Each structure stands twice: as structure tokens, then as C-alpha cells.
Amino acid sequence: MAKFVAGLEDVIALESSICLVDGTHGKLYYRGYSIEELAAHSTFEETAYLLWFGELPTSFQLKDVEDSLLDNREFPGEVLDIIRDFPPTATPMEVLRTVVSALSSFDRNACYFSREADLCKTMRLTAQIPVAVAAHHRIRSGLPVMTPRAELGHAANFLYMLQGIEPDAVSARAFDVALVLHADHELNASTFAARVSAGTLADMYSSITSAIGTLAGPLHGGANQQVMQMLEEIGDMARVEEYVDRTLKEKKRVMGFGHRVYDTTDPRAEVLRQLSQEVGASKGDLRWFEISEKIRETVWRKKQLYPNVDFYSASLYHVLGIPHDLFTPVFAISRIAGWTAHVLEQYANNRLIRPRAEYVGPRNRQYVPIDDRGEYPVLPELRDQESPQEGTQTQ
Ligand code: SDX
């Protein structure tokens with residue numbers, strides 16, 4: 001039996017041909033193509049096709065995917081009603097997790113198991129997740145839900161549905177590249193969660209619901225929103241040094257830095273840095289980019305840590321006008337392409353994923369009748385917890 005490794009660090013859990021993360025050299029490849037080339041030349045639709053089918057599409061195949069996404073943007077009215085019924089305090093990730101589950105009940109393919117049925121579910125989820133995220137924001141803001149526009153691409157259409165106006169070309173292209181960059185990343189926690197679910201032959205919707213719940217954690221997809229909270233808390237270049245010193249002194253994490261796999265810079269961060277500067281300049285708002293640069297220099301000087309994908313995406317999404325609590329749902333809007341590609345790969349050559357645990361608990365204990373157990377105090381965790389203080393950072 002293999003020995004225990006905390007967090008499965010560097011453990012090879014399965015074989016995959018979808019994504020290569022070269023943590024030593026800071027390189028990332030989707031199906032053999034470098035992320036830098038895809039960011040420079042591809043679109044989210046083309047990259048999603050590559051992840052799903054293993055090859056770059058011909059112009060006909062790309063048109064098929066674009067048309068399929070277009071057709072699948074039609075959103076079930078019953079699920080829109082579910083979104084309307086959420087309390088105003090519901091977080092966008094809670095809503096997204098619930099909506100993906102609900103969408104399953106309105107997909108006639110949901111319980112069919114075949115590659116064709118699973119590809120249909122893949123298209124529906126990829127098309128409908130952005131619709132759901134935008135619709136929830138419009139509803140909670142008391143604004144009309146926008147109908148997707150056939151002539152807009154996937155990225156531009158989300159910004160249109162969210163903001164009610166067509167994005168300018170610079171913003172649309174920057175957001176499209178951000179979706180390319182976030183589309184897959186080998187066996188990150190949420191993708192692994194999806195594959196563990198798919199490994200039991202649970203359906204696509206159940207597997208993606210597992211992934212969404214996992215992405216929400218602040219050590220994973222939730223980090224980009226926490227980066228923006230950090231930027232706003234710092235608020236000024238002059239306060240960067242003090243914030244970083246205090247965070248490190250308190251043994252807390254500076255959000256957006258470090259990575260389990262990359263020993264050097266996350267290649268996505270470099271592209272997102274350029275996009276944040278470009279869009280910030282085009283909007284005349286470089287404040288958050290400049291504070292980010294000062295944080296990056298300070299964290300390097302004090303801890304030799306590199307920024308990861310979540311660091312510059314925060315300032316980019318802010319200048320694109322995306323509400324801060326939608327940053328993690330935006331991660332899901334992109335990562336649905338990778339999640340579904342991995343679920344399809346798991347189904348194609350499945351083996352139940354079931355690791356072992358090293359038992360370290362007590363052994364050989366004899367049963368004690370309750371009357372002989374004395375009066376232990378009620379366990380504290382069984383009492384109602386006070387709601388956590390606002391802004392409490394969890395490690
Ligand atoms: C994503 O897996 C993926 O591929 C994920 C992702 C994807 O595309 O799916 O890339 C997306 O989740 C990116 C990561 C987003 N999370 C954050 O930005 C949160 C902040 N980062 C850290 O929590 C941390 O870096 C992790 C969780 C990302 C990685 O943690 P590890 O591998 O478990 O490393 P660790 O916590 O054991 O830290 C190792 C050392 C420690 O120093 P020592 O205590 O040994 O002296 O590095 C330090 C840590 O203190 N460290 C940090 C730090 N990250 C690591 N110190 C301060 N701030 C940080 N951010």
C-alpha cells in the first residue's frame with residue numbers, strides 16, 4: 001500500500017491527455033498547445049473544443065460548437081423562477097451550485113449515459129452557466145434579465161447579459177482570453193472532485209455540482225475575490241508594505257500568491273498581468289493594477305512567492321466592471337470546459353477512485369453502557385455556532 005502524503009501532494013492519481021502543468025518551468029499546455037499561444041490566437045469556444053475533442057477545430061467544427069452553444073443558451077423558465085426565489089443574501093456561488101443541480105431536472109439527456117448524451121450535457125452546461133450567473137445578478141439588482149444575443153461570442157455575450165450593454169472590443173477580447181486561461185488546469189481540487197464523482201458513474205450534473213462546491217473554497221477558486229478584498233483593504237500604494245508585513249507576521253496567506261504545483265511563476269498570471277494593465281489603461285483606471293504590482297514586488301522581496309492565476313484576474317475583472325462576488329462564478333464559467341472534458345475522459349476509461357486512509361484512531365475499545373459513562377459536558381460543536389465575524393479570513 002502507498003504511504004500517506006498530506007494533500008496528495010505530487011501524488012499521481014490518474015493518467016490524462018488533457019492538460020500538462022510543468023510546475024518546474026512554469027509552463028501550461030492544453031492538449032499539447034502552450035497557453036501563451038492559445039491566449040494569443042484562440043477563443044474560448046475554440047479552446048473548449050480542443051479540450052473536449054483533443055484537436056483544434058476546423059472552421060466547420062468551430063461553427064458547430066458556436067451554434068450549439070447558441071442553441072443551448074435558452075434557459076428553462078422554471079429555473080429562472082428558482083433564481084428569483086433566492087433570498088438577497090444568497091451568494092452567487094450558492095446560487096450557481098443550486099442552479100446546476102436544478103438544470104439537471106430540465107435536461108432530457110440528464111440520465112442517459114452515452115458519449116452523445118454527455119456531449120449534449122457538456123454543451124448545455126457550458127452555455128447555461130454564464131446565463132445563470134448573469135441572470136442572478138440582474139435579478140438581485142432589480143434589473144431586467146437580458147436575452148443572449150446570437151451575434152455575440154461566448155465571452156462578449158456574458159458581459160452583455162451581465163451589464164446590459166455590448167462590451168467594447170478591448171474588454172470583450174480581454175475577457176475571452178481570461179476564459180481561455182482559466183479553462184483547465186490538470187487535477188486541481190475542483191476537477192479532481194468532478195472526476196471522483198464521475199468515477200462512481202454519477203451523472204454529469206452531479207459531477208459538475210461537486211466541482212462547483214469545491215471551487216468555492218478560498219484556497220482555490222475563491223481566492224480571486226479575496227484578492228480584490230485585499231486590494232480594497234490596502235487601498236493605496238503607501239499601505240502595501242504594512243499590509244504584507246502584518247499578513248505574513250500573522251502567518252496568514254497573501255491571497256493570489258503561491259501554488260501547489262508551480263515552483264516558479266504561474267504562466268497565466270503573466271498574461272493576466274498584461275490584460276489588467278491594457279484594460280486598466282483603456283478605461284483610465286490603473287489604480288488596482290499599480291497596487292497589485294507593488295504587492296507583487298513586496299511579496300517577492302519578503303517571501304519569494306510568485307503570483308498565481310487569481311492575482312491579476314482580480315484587478316482585470318474589476319476594471320471590466322464585473323461585481324467582486326462574481327469573480328469565482330466567472331472562474332466556473334470558464335472551468336466548465338475543463339471539468340466536462342475530464343468527466344468525459346473519466347467515463348471513457350473509468351476506474352472507481354477510492355484511495356485508502358492511514359488509521360490513527362484508538363483501537364480495541366470495549367463498549368461502555370451509557371449509565372456508566374458519567375456526565376460528560378455536551379460537545380461544544382453540538383451547540384449553535386455564533387455567525388462568524390464579517391471578513392474573517394479562513395486559512
Ligand atoms: C488556484 O491546483 C490548481 O491548479 C489551482 C488553480 C487552478 O487553475 O485550478 O491554479 C487555481 O486555486 C490557484 C491558488 C489560489 N489560492 C490562493 O491564492 C490562496 C493563497 N495561496 C496559498 O493558500 C497556497 O499557496 C496554496 C493553497 C495555493 C498552495 O498551498 P500549498 O501547496 O499547500 O503550500 P503551503 O500552504 O504548504 O505553503 C508552503 C509555504 C508555507 O511556508 P512555511 O510555513 O513552510 O514557511 O509557502 C507559504 C506557506 O506559509 N505560502 C504562503 C502563501 N502560499 C504559500 N505564505 C503566504 N501567502 C501565501 N499565499
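For the reader, a short list of remarks on this structure follows.
- Under the span-like rule (Cα at least 15 Å along the axis, Kyte-Doolittle mean at least 0.0), DSSP H helices of the chain: 92-104, 169-182, 204-215, 309-319, 327-348
- Environment charge at Ala169 (Cβ cut-off 15 Å; Lys +1, Arg +1, Asp -1, Glu -1): -3
- Separation of the Asn349 and Asp372 label points, Cα + 7 Å toward Cβ, nm: 5.6
- Remark: relative contact order (the chain) = 22 percent; criterion is Cα-Cα distance under 8 angstrom and separation of 6 or more residues.
- Selected from Gln304, Gln128, Gln225 as most flexible by GNM, with the chain as the system and alpha-carbon contacts under 10 Å: Gln304
- Theoretical ellipticity at 222 nm over the chain - DSSP helices of four or more residues, -39500 (n - 2.57) apiece, nearest 500: -17000 deg cm²/dmol
- Comparing Glu233, Glu375, Glu15 in a Gaussian network model of the chain (Cα springs below 10 Å), the most mobile by mean-square fluctuation is Glu375.
- Think of each Lys and Arg Cβ as +1 and each Asp and Glu Cβ as -1; about the Cα centre, that makes the dipole of region 49-175 roughly 280 debye.
- Within region 223-319: Cβ-based charge dipole about Cα centre, in debye rounded to nearest 20 (Lys, Arg +1; Asp, Glu -1): 360
- When region 223-319 is described by a simple charge dipole with +1 on each Lys and Arg Cβ and -1 on each Asp and Glu Cβ, the residue from Gln274, Ile234, Leu286 located farthest towards its positive end is Ile234.
- Relative packing of 242-253, 306-317, which averages over residues the other C-beta atoms within 10 Å, highest first: 306-317, 242-253
- Here the dipole of the chain is about 840 debye; that uses its Cα centre as origin and unit charges on the Cβ of Lys and Arg (positive) and Asp and Glu (negative).
- For the chain, a Gaussian network of Cα nodes joined below 10 Å ranks Gly199, Gly222, Gly235 by mean-square fluctuation, and the top entry is Gly235.
- Cross-link pairs Lys249/Lys302; Lys251/Lys302; Lys27/Lys252; Lys252/Lys283; Lys251/Lys294 - those with Cα-Cα distance over 22 Å: Lys27/Lys252; Lys252/Lys283
- Computed over region 1-77: relative contact order in percent, which uses C-alpha pairs under 8 Å that are six or more apart: 16
- Ranked packing of 363-369, 24-30, 93-99, 44-50, most packed first, by mean Cβ within 10 Å: 44-50, 93-99, 24-30, 363-369
- Shape of region 223-319, Cα gyration tensor, a/c cut at 1.5: oblate
- The mean sequence distance of close C-alpha pairs (under 8 Å, at least 6 residues apart), as a share of the length of region 223-319, puts its relative contact order at 44 percent.
Each value in this text was obtained by applying a stated rule to the coordinates, not by laboratory testing. Keep in mind the model is a prediction, meaning the values are calculated, not measured. Every residue, glycine among them, receives a Cβ derived from its backbone with ideal geometry; neighbour counts consider all protein chains shown.
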